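One structure is given here, and the rest of the page talks about it.
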Amino acid sequence: MSYILGMDTIIYFYQKRNPVQREISLMYQEDYLFAKVGICADRHSWFGCPMPHAPAPPELLPDASLSVTKSRELRMQDGASGETQTAEKYRRSWFGRRRKMRERQRELRRQQQEYMQKLQEYKERQEELAASIRQLWKDVFSEVELAGGGGEVRCVYEDSLRFLAEGQGEAAMCWSPVWNVPEFQDYKSMRWLRPLLEYVRHSDFILLGTADCIPAILQEFARRMKSLQWYLREEDLNEEVQGWVEDLYEEYGLAATLRELTGGNAFGKLRLKSGEPVCVMDFTDEEKLFAGNLAEGSIWLDFASVDGKSRRMERQAPEVSYMSLKKYWGAKTKMKPDIPKCHTASRFRLS
């Protein structure tokens with residue numbers, strides 16, 4: 001499937017509760033098209049219908065029969081041991097073994113037939129699922145094309161739908177061949193992170209990690225900074241960073257404090273603390289950061305949009321406001337021009 005040339009497009013997939021309809025909303029941004037697509041799915045269902053599971057092949061039954069050759073060997077062993085059995089007893093034993101063998105062969109054929117029937121049903125259901133996903137693809141890109149989007153297309157998945165991108169579950173197996181659109185990765189690019197800068201508050205700042213965009217951000221907010229604490233790993237504290245700090249002091253009179261972190265899981269062990277509300281600019285890819293000792297009203301800006309960090313922040317520091325680009329996109333609602341439509345999803349029936 002080829003993409004049309006036009007505005008760069010972000011397709012954001014979010015979880016919706018209504019299993020009957022899927023929603024496609026388009027919103028024009030400053031220099032890109034934003035498509036918000038709501039689907040109802042998890043690892044075990046697709047729009048409220050249970051996912052098909054591949055049937056297990058029948059297990060080979062143990063061979064309870066004894067061949068004629070084996071029977072003769074037993075008779076020779078019995079004769080050698082001095083034990084005598086009548087011909088009638090051998091005959092009954094042979095017929096009994098043959099009967100058991102035929103019964104087990106019939107059972108095996110029955111299991112094989114049942115397996116082939118279930119396998120055919122599984123393939124049919126899987127094809128229905130794939131057809132539903134292909135239809136979603138057509139609907140989304142049809143809307144994107146009409147709106148003038150296309151260009152460079154990237155997908156973003158809400159945390160609850162990460163299993164689709166990671167290939168977990170039957171739905172993901174059908175999803176990947178159709179939605180072969182790369183995931184968005186440029187969270188730390190100035191072009192994309194600018195919406196987060198609108199949430200900057202307070203005059204005391206804490207900076208975590210490093211990124212190419214930091215000099216531009218520091219230059220933009222240096223005049224409003226009363227203090228800046230910058231935490232970096234030992235390997236990231238280089239001459240370039242020290243040069244940025246010197247420039248802040250020479251141009252704006254801001255004496256930033258550099259704090260070097262050593263050892264494994266350096267940021268995970270960090271315990272930030274503040275007496276007054278602060279603005280934390282987090283450029284790390286660390287999920288398990290602790291914010292529980294920050295003052296009420298503090299702002300945490302996650303410039304890496306790490307999955308799971310939002311939920312962790314809500315549990316450990318509900319008094320700290322958290323925002324990331326992914327959360328910003330997830331909260332966006334439809335705005336003019338009124339191109340978005342609500343599509344009725346074709347039910348993926350598995351019964």
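Starting with the highest mean, order 317-324, 216-223 by the number of other Cβ atoms within 10 Å, averaged over the residues of each peptide.
On the way: 317-324: 18.6, 216-223: 15.8.
With the highest mean Cβ count within 10 Å placed first, the list reads 317-324, 216-223.
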Seminar exercise, completed: Note, the range 248-255: 3J(HN,Hα) by Karplus (6.51, -1.76, 1.60, θ = phi - 60°), whole Hz, Gly/Pro = x, goes 4, 6, 5, 8, 10, x, 8, 8
Exercise. Share of the range 172-269's accessible area from carbon and sulfur, percent, 1.4 Å?
Worked result: 42
Problem set entry | Those aspartates and glutamates that a straight Cα-Cα span of less than 20 Å connects to Lys16, excepting residues fewer than 8 apart in one chain | Asp42, Asp139, Glu143, Glu158, Asp159, Glu166, Glu170, Asp307
Exercise. Which whole-number percent is the relative contact order of the range 1-58 (Cα, under 8 Å, 6+ apart)?
Worked result: 31
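Ala56 to Leu270: FRET efficiency via 1/(1 + (r/R0)^6), r the Cβ-Cβ distance, R0 56 Å, to the nearest 0.05?
Working: r = 48 Å, r/R0 = 0.86.
Using R0 = 56 Å, I get an efficiency of 0.70.
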Problem set entry | For the range 103-199: relative contact order, % (alpha-carbon pairs under 8 angstrom, 6 or more apart) | 26
Problem set entry | Taking only Cα atoms of the range 122-276, radius of gyration then Dmax in Å | 22.4, 70
Exercise. What are the ³J(HN,Hα) values, in whole Hz, obtained from phi via the Karplus relation 6.51 cos²θ - 1.76 cosθ + 1.60 with θ = phi - 60°, for each residue of the range 157-162 in sequence order, with x given for Gly and Pro?
Worked result: 10, 4, 3, 5, 10, 4
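Roughly how many Å² is the accessible area per residue of the range 172-230, as a whole number, for a 1.4 Å probe?
Details: 2770 Å² over 59 residues.
Normalised by residue count, the accessible surface of the range 172-230 is 47 Å².
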Exercise. Within the set Lys138/Lys288; Lys188/Lys332; Lys138/Lys309; Lys36/Lys288, which residue pairs have Cα atoms separated by over 30 Å?
Worked result: Lys138/Lys288; Lys138/Lys309
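The values are calculated or read from the model by the stated rules, or taken from the named source; none is laboratory data. It should be emphasised that the depicted structure is a prediction, and the values quoted were computed from it without experimental measurement. Methodologically, a virtual Cβ is constructed for each residue, glycine included, from the backbone with ideal geometry; neighbour enumeration extends over all protein chains shown. Accessible surface areas use protein heavy atoms only, side chains included; no ligands, DNA or RNA. Shrake-Rupley method; radii C 1.70, N 1.55, O 1.52, S 1.80 Å.
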